Amino acid sequence: MQNTDIKSMTLSELNDAIKELGLPKFRAGQIYSWLHKQFAEDFSEMTNLSKDLRTKLSEQFEIKNCTIERKLVSSLDGTIKYLFKLNDGEFVESVLMKYKYGYSVCISTQVGCNMKCSFCASTIDGCVRNLTPSEMLSQIYAISKDNDIRVSHIVLMGMGEPLDNYDNVMKFMNLITNEDGQNISARHISISTCGIVPKIKELIKLHPQFTLSVSLHAPNDEIRSRIMPVNKAWNTDELLAVCREYTETTSRRISFEYAMMSGINDTDECARELASKLKGMLCHVNLIPANEVRENDYKRSSSEVVEAFAKKLESYGLTVTVRRSLGGDINASCGQLRRNRGKEERL
């Protein structure tokens, strides 16, 4: 019988489990602290617990971790790209970025991705499985330990579609924001989605404090359906309608991610149409010079085109940022390290 994933348990669930073992309630707090503050990777590290108790715990629970398989440090800006190996031998990627406000980590939520966006390396081999809350946490904890830092901001924008792993992502949010753990403010967390409309409707009911980032990448169905198959399930108008509902209900601004691809979505007409679709919405547009992936022919828009596109949107009254390109020399595009590792194994 498989042991219970203890790092994915909320403090309340851990309290119940400890009670069933006939142990005093304070033990749950000690164990929770070891897992989520000291980042213990094995019960043997929990030195304020008796040896007998540690043995008992190891017989009923497992601690899911991730180990560093590969680490690339950008010589341009210090961005660090990690390839992590999970307990079952699967691999995921994470990125550590340093900003003026602190350290931000971009983590994966699935091994691979099912969304099949044609410009993305993560989705080429499909989705192997969802990540557990503990495996999402472990990426952050491993990076924190490796660099001896405290992570202040988190982006769920690595491999995978977070809302395709909805329940585990929501539990991860419960754990990472818990005051007895890392206690990271939900306002410092961004969850990205390519536009799974029913799940956005579920989020509306929660009145979340985190930032919702929607990967739009096109102003109309013709372009978006070509590069993002999810648009065939919920088209641009359906997506933007639920986004408006989201902002009006939660009073939270949505960030629209827009990867600039040369000759695809970067024309003046695209800017005009995008501005028309977003008019009056509580949002901002984050323009991203697209990462180039060897498996497709998409090219990033030039800096001049991106700047002109931004100015055009601003002239229509939209708030626009241009994402600073980080880690350009270390395969910063999601999924490339994992794919390279898979190719090596097949040689």
Subject >> Filtered residues of the range 20-32 (kept if farther than 17 Å from Met173 by Cα, surrounded by 13 or more Cβ atoms within 10 Å (Cβ to Cβ) and modelled with pLDDT of 95 or more) >> reply: Arg27, Ala28, Gly29, Gln30, Ile31
Subject >> Selection count, the range 134-145, where residues are over 12 Å from the mean Cα position of the chain (by Cα) and over 17 Å from Glu69 (Cβ atoms) >> reply: 2
Original post:
Counting only residues that are β-branched (Val, Ile, Thr) and closer than 12 Å to Gly160 by Cβ, which one in the range 65-123 is farthest from the chain's Cα centre (by Cα)?
Top reply: Thr123
Original post:
Would it be correct to say that Leu57 is aliphatic (A, V, I, L, M), under 13 Å from Ala142 (Cα atoms) and at pLDDT 95 or above?
Top reply: no
**OP:** From Ile149, Ile140, Ile154, grab the single residue that is touching a residue at least 24 places away in the same chain (Cβ under 8 Å) and under 26 Å from Ser251 (Cβ atoms).
**Re:** Ile154
Original post:
Does Leu318 satisfy being in contact with a strand residue (DSSP E or B) (Cβ under 6 Å, 6 or more places away or on another chain), assigned by TED's automatic domain parsing to the domain that holds Leu76, within 28 Å of Met281 (Cβ to Cβ) and at pLDDT below 95?
Top reply: no
**OP:** Take the residues in the range 88-111 that are in a loop (DSSP other than H, G, I, E, B) and either touching a Ser or Thr at 6+ places or on another chain (Cβ under 9 Å) or at pLDDT 95 or above (or both), then tell me which one is nearest to Lys145 (Cα to Cα).
**Re:** Ser108
Original post:
If you take the residues in the range 209-244 that are among the hydroxyl-bearing types (Ser, Thr, Tyr) and in contact with an Asp or Glu (Cβ under 9 Å, 6 or more places away or on another chain), which one is surrounded by the most Cβ atoms within 10 Å (Cβ to Cβ)?
Top reply: Ser215
Original post:
Would a scan of the range 240-260 turn up a residue that is among the polar types (S, T, N, Q), more than 20 Å from Leu206 (Cβ to Cβ) and in contact (Cβ under 8 Å) with a residue 12 or more places away in the chain?
Top reply: no
Original post:
Given the conditions (1) modelled with pLDDT of 95 or more; (2) assigned by TED's automatic domain parsing to the domain that holds Ser122, and given that Ser74 satisfies all but one, which numbered condition is not satisfied?
Top reply: (1)
Subject >> Enumeration of residues in the range 51-84 that are at positive phi and of a type in the set (Val, Ile, Thr) >> reply: none
**OP:** Collect the residues in the range 120-156 that are part of a loop (DSSP other than H, G, I, E, B) and crowded, with 23+ Cβ neighbours inside 10 Å, keeping them in residue-number order.
**Re:** Cys120, Ala121, Ser122, Thr123, Leu131
Subject >> Scan of the range 268-286 for residues that are surrounded by fewer than 18 Cβ atoms within 10 Å (Cβ to Cβ) and assigned to a helix (DSSP H, G or I), ordered by number >> reply: Asp268, Glu269, Arg272, Glu273, Ser276, Lys277
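Residues checked against (1) closer than 27 Å to Val128 by Cα; (2) free of Cβ contacts under 8 Å to residues at least 60 places away in the same chain; (3) out of contact with any His (no Cβ under 9 Å at 6 or more places or on another chain); (4) among the polar types (S, T, N, Q):
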residue: Ser44; (1), (2), (3), (4): no, yes, yes, yes
residue: Leu49; (1), (2), (3), (4): no, yes, yes, no
residue: Lys56; (1), (2), (3), (4): no, yes, yes, no
residue: Leu76; (1), (2), (3), (4): no, no, yes, no
residue: Phe84; (1), (2), (3), (4): yes, yes, yes, no
residue: Asn87; (1), (2), (3), (4): yes, yes, yes, yes
residue: Glu90; (1), (2), (3), (4): yes, yes, yes, no
**OP:** Report, by residue number, each residue of the range 7-34 that is in contact (Cβ under 8 Å) with a residue 60 or more places away in the chain and assigned to a helix (DSSP H, G or I).
**Re:** Lys7, Ser8, Leu11, Gly29, Tyr32, Ser33
Original post:
How about the range 222-269: which of its residues are aliphatic (A, V, I, L, M) and farther than 16 Å from Val285 by Cβ?
Top reply: Ile227, Met228, Val230, Ala233, Ala241, Val242, Ile264
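The values are calculated or read from the model by the stated rules, or taken from the named source; none is laboratory data. Quick caveat, the model's predicted, so the values are computed rather than measured. Because the Cβ atoms are built from the backbone with ideal geometry, glycine has one as well, and the counts that use them run over all protein chains shown.
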